[in-house]
Amino acid sequence: MANNQDLPVYLFTGFLEAGKTKFIQETLEDKRFCNGERTLLLVCEEGEEEYAPDQFADPSVLIRVIEDQSQLNTPNLMHLAAETRCERVVLEYNGMWMLDALYQAMPENWVVYQEFMFADAGSFLSYNSNMRQLVYDKLKSCELVVFNRFTPDMDKMAFHKIVRGASRRADIAYESPGGQVEYDDIQDPLPFDLNAPIVEIGEEDYALWYRDMSEEPKKYEGKTVRFKCRALVRQKLPPHTFVVGRHVMTCCVEDIQFAALVCQWDHADQIRDDSWIILTAKINFKFNRAYGKRGPVLTYVSAEPCSAPAQDVATFY
C-alpha cells in the first residue's frame, strides 16, 4: 500500500466487559464486512472474552496486541501496518487510555472512518460518577453509543443526558440481555427560540448554545442574540474589537476553558475590561484576524452592565 493512501480505521472504545470484543468478533464473522481485505485487528485491551480467528469469515485478519501504552507510538503502528500489509485497521481501544494518545500516535494516513463506544449499562453510571473524564473522552467523538445489558428497570433519560452532555450527534442504542436493540428517540429541543427576533440565551444555556453554534453554524448566521457574558479588552485585538464569553466546563474541573467570541463595535474602547454585561449582538460567520480563521463574529447592538451569573462556570447540565 502506498504511504500516502488513506488507511481506514474502525475504532471501538469502551471499558472492560462492555461488549467490544463480542461485537468485533461478530463483525469479522460477517462476510459483508470480512470479504478478503487484509485487516489488522489491533487489540489494546484483553478482557475475559477472547477472539476466535477460526470463526472469522475470511483468513485475511491478522491480530496484533498492544500490551502497554508505550507501544502506542507512530513508528510501531507504521511497522505493524507494513508487517501485515493491511488495507484497513479494526482497533479495540483500552478504555483507561485517553483518545488523544491514540490520535497523536496514529500515522498521518490512518483515518478513522467510524467510531463506536460500548458500555455495560449496569456499570456505566458508576463509571461516569467516578471517572467522568474518561467517559467523556470516549463519548465526545463517537458516532454510536451502545449500552449493553440494558434492562427495563433502567431509566433511559439518565443515560441519554450523559451522552448528550458530551455530544448532540452520537446515536444511542440500548441492547437488552436477550439481544434486542432499541434506538434512542428522546427529543432534545434547544432551550431557546431560534425563530425569535432576538434569541434569548439563558445564563444556564451558554455552554449548550456555544457548542451548538460551533457544530451547526448555518443555523445562527444573521441571528441576533442576547446573553450574559464577561467582556475582556485586549491590546492585541484588531481595532474596534473586544472579546466576550464565559468559562465552560465540559466534563471536569481540569478541562475548564474560556469559550470566547469576538465582538466588533466602533466604540469598543468604552467597554470596561473584565466586566459582566448582557450583550445584544448580531452573528455572522467570516474571517477575523482575532481568530486567524473563519468563525463567528458578533456585531454589537447594545449592552448593559449586570452581575455575574449565579454559576460562574457554564456547564451542559
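The numbers here are math on the coordinates, done by the rules we state, and not lab data. None of these values were measured; they are calculated from a predicted model. With ideal geometry, Cβ positions are generated from the backbone for all residues, glycine too; neighbour counts draw on all protein chains shown.
Taken about its Cα centre, segment 7-183 carries a charge dipole of about 720 debye when Lys and Arg each add +1 at the Cβ and Asp and Glu each add -1 at the Cβ. In the chain, the longest principal axis of the Cα atoms and the axis of helix 121-130 are about 50 degrees apart.
Each helix, a run of at least 4 DSSP H residues, gives -39500 (n - 2.57); summed and divided by the residues of the chain, these come to -6000 deg cm²/dmol at 222 nm. Which log10 I(q)/I(0) values, to two decimals, does segment 1-137 give at q = 0.16, 0.17, 0.21 Å⁻¹ under the Debye formula with one point per Cα? Taken in order of the listed q values, log10 I(q)/I(0) reads -0.83, -0.93, -1.36.
Each residue, SER302 and LEU16, gets one label point 7 Å from its Cα in the Cβ direction; the gap between the two is 6.1 nm. Sorted largest first, the spans of the alpha carbon positions of segment 149-290 along the three principal axes are 65, 35, 25 Å. Compared with the dominant Cα axis of the chain, that is its longest principal axis, helix 74-84 is turned about 40°.
Share of pairwise Cα-Cα distances greater than 16 Å in segment 206-289 is 55 percent (whole percent).
Kirkwood-type hydrodynamic radius, segment 93-161: 13.4 Å, calculated from all non-identical alpha-carbon pairs. Other residues whose C-beta falls under 11 angstrom from the C-beta of LEU40 contribute a net charge of +1, scoring Lys and Arg +1 and Asp and Glu -1. A straight line joining the Cα centroids of segment 62-114 and segment 14-53 runs 15 Å.
Each 10 Å bin from zero holds the following percent of Cα-Cα pairs in segment 38-114: 17, 54, 27, 2. Compactness of segment 254-317, taken as the C-alpha radius of gyration over 2.2 N^0.38 Å, stands at 1.26.
Ordering 120-127, 192-199, 163-170, 71-78 by mean Cβ neighbour count within 10 Å, with the highest value first, yields 163-170, 120-127, 71-78, 192-199. Counting only Cβ charges, +1 for Lys and Arg and -1 for Asp and Glu, the dipole size of segment 227-281 around its Cα centre is about 80 debye. Axis of helix 156-166 versus longest Cα principal axis of the chain: the two differ by about 70°, to the nearest ten degrees. Taking 0.36 nm per residue of separation and subtracting the current Cα-Cα distance, fully stretching the chain between SER214 and ASP30 would add 62.5 nm.
Please list, by residue number, everything in segment 142-175 whose backbone N is under 18 Å from a paramagnetic label point 7 Å out along Cα→Cβ of GLU49. Flagged as within label range: 144-151, 173-175. Applying 0.36 nm per residue to the separation of ASP255 and GLU182 and subtracting their alpha-carbon distance, the gain on full extension is 23.0 nm. Could you tell me whether the chain comes out rounded, prolate or oblate from its Cα gyration tensor? Rule is a ≥ b ≥ c as square roots of the eigenvalues, rounded for a/c under 1.5, then prolate if a/b exceeds b/c, otherwise oblate. It is prolate, given that a/c is not under 1.5 and a/b is the larger ratio. Each Lys and Arg adds +1 at its Cβ and each Asp and Glu adds -1 at its Cβ; summed about the Cα centre, segment 20-81 shows a dipole of about 360 debye.
Among ILE271, VAL313, ASN288, which residue has its Cα positioned farthest towards the positive end of the charge dipole of segment 213-317, with +1 placed on the Cβ of Lys and Arg, -1 on the Cβ of Asp and Glu, and the dipole taken about the Cα centre? So the residue furthest toward the plus end is ASN288. Compute the FRET efficiency between ALA173 and LEU62 as 1/(1 + (r/R0)^6), taking r as their Cβ-Cβ distance and R0 = 30 Å, and round to the nearest 0.05. Efficiency at R0 = 30 Å is approximately 0.55.
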